[in-house]
Structures are given as C-alpha cells and as structure tokens.
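Colleague: I have a structure I would like to understand better, so I am pasting it below and will then ask my questions one at a time.
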Amino acid sequence: MSRAQRIPEHVWTDHRPRIEYLVKEQKRKLQDVRKIMQSHGLDATISQYERKLKDWGLRKNLTVKAWRKIFSHWEERIRQGKSSLVLIDGVAQSKEKIERELARTRNREYEGMNTMDNI
C-alpha cells in the first residue's frame, strides 16, 4: 500500500477557512468534506484531514469533559436562580441541545460499570 502524498502547509492554510466552515458550521462528515474539497483542488485522505483538524484544535463536537464543565457552571447558576445562555464558539445552544448533551454525558459516567460491583 502506498503512502499518500504530503500536502504542503501553505496549501492547508489556503483551504483552512472553507474546511473550518464545512466542519464547524455545516457539521459535515469528513467523507463529505473530502469530496467537496477535492472539487476545490485539495486531494487529501481522511487520515490527513483527521490529523490536520487535530493540529488546528478543531472539533465538530465538544468533549465529555468540556460538557461536564459547562454543566457544572450551568447547574450552579440554576441553584442561584439565575438564567443561563450557553454559547459555544459564539453560538447560543438550545435548551434541548443542552439537555440532550447532559443526558449523554451522564450516561457516559455509567458506561462500563458492572452493576454487580455497585450493589
């Protein structure tokens, strides 16, 4: 199996705004990003995109750890009787999104636990 051609940094830099838009704003899958970017002259592999997005610190979704921190602040404000608006990258998140992520995050806390060990 042959290795993919290395893409120069200046090429990535030229295409970065469009890639960020596709990943962050449009929430596209990497396969879709790859196809779209091929039409713009960037022929990179999925692995190359994964590596570059990691280098840029770009994620489509927040980590469980980040959501836990948000929930900690959010729940504290609720206890204080204050309303809260959660902004992620400057975009207000809906109450439904926050509740969905809260449920997902709480479920992750229990993944892998053996229920017999907790009795």
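Every read-out reported here was derived from the displayed coordinates using simple, explicitly stated rules and does not represent laboratory data. As the structure is a computational prediction, the values presented were derived from the model and not from experiment. Glycine gets a Cβ as well: all are built from the backbone with ideal geometry, and neighbour counts include every protein chain shown.
Colleague: Just check the stretch 64-111 against the gyration tensor rule for me: Cα atoms, a ≥ b ≥ c as the square roots of the eigenvalues, rounded for a/c under 1.5, and otherwise prolate or oblate depending on whether a/b exceeds b/c.
Modeller: Judged from the Cα gyration tensor, the stretch 64-111 comes out oblate (a/c at least 1.5, b/c at or above a/b).
Colleague: If we sort 80-90, 30-40, 53-63 on the protection proxy, mean other Cβ atoms within 10 Å, highest first, what's the order?
Modeller: Put in order of decreasing packing, that is 30-40, 53-63, 80-90.
Colleague: Can I ask one more? What area, in nm² and to one decimal, does the C-alpha convex hull of the chain cast on average over all directions? Provide the component values of the computation, followed by the final result.
Modeller: On the way: hull surface 46.7 nm².
That works out to 11.7 nm².
Colleague: Compute the relative contact order of the chain as a whole-number percentage, counting only Cα pairs closer than 8 Å that sit 6 or more residues apart in sequence.
Modeller: Working: 47 pairs, mean separation 20.2, N = 119.
Averaging sequence separation for qualifying contacts and normalising by length gives 17 percent for the chain.
Colleague: How many nm is it between the label spots at residue 3 and residue 62, if each spot is 7 Å from the Cα in line with the beta carbon?
Modeller: In this crude spin-label approximation the distance works out to 3.9 nm.
Colleague: Let me know the shape class of the stretch 9-56, please: from the alpha-carbon gyration tensor, a ≥ b ≥ c as square roots of the eigenvalues, rounded when a/c is under 1.5, otherwise prolate if a/b is greater than b/c, or oblate.
Modeller: Rounded.
Colleague: Given Cβ point charges of +1 (Lys, Arg) and -1 (Asp, Glu) and nothing else, what value in debye, to the nearest 20, does the dipole of the stretch 9-56 about its Cα centre take?
Modeller: That gives the stretch 9-56 a dipole magnitude of about 220 debye.
Colleague: Taking the Cα centre as origin and putting +1 on Lys and Arg beta-carbons and -1 on Asp and Glu beta-carbons, what dipole magnitude results for the chain, to the nearest 20 debye?
Modeller: Charge dipole, the chain, about its Cα centre: 80 debye, nearest 20.
Colleague: Right, something else. So who's got an amide H within less than 5 Å of the one on residue 88, skipping anything under 5 residues away but keeping other chains? H placed 1.01 Å off N, in plane.
Modeller: 93
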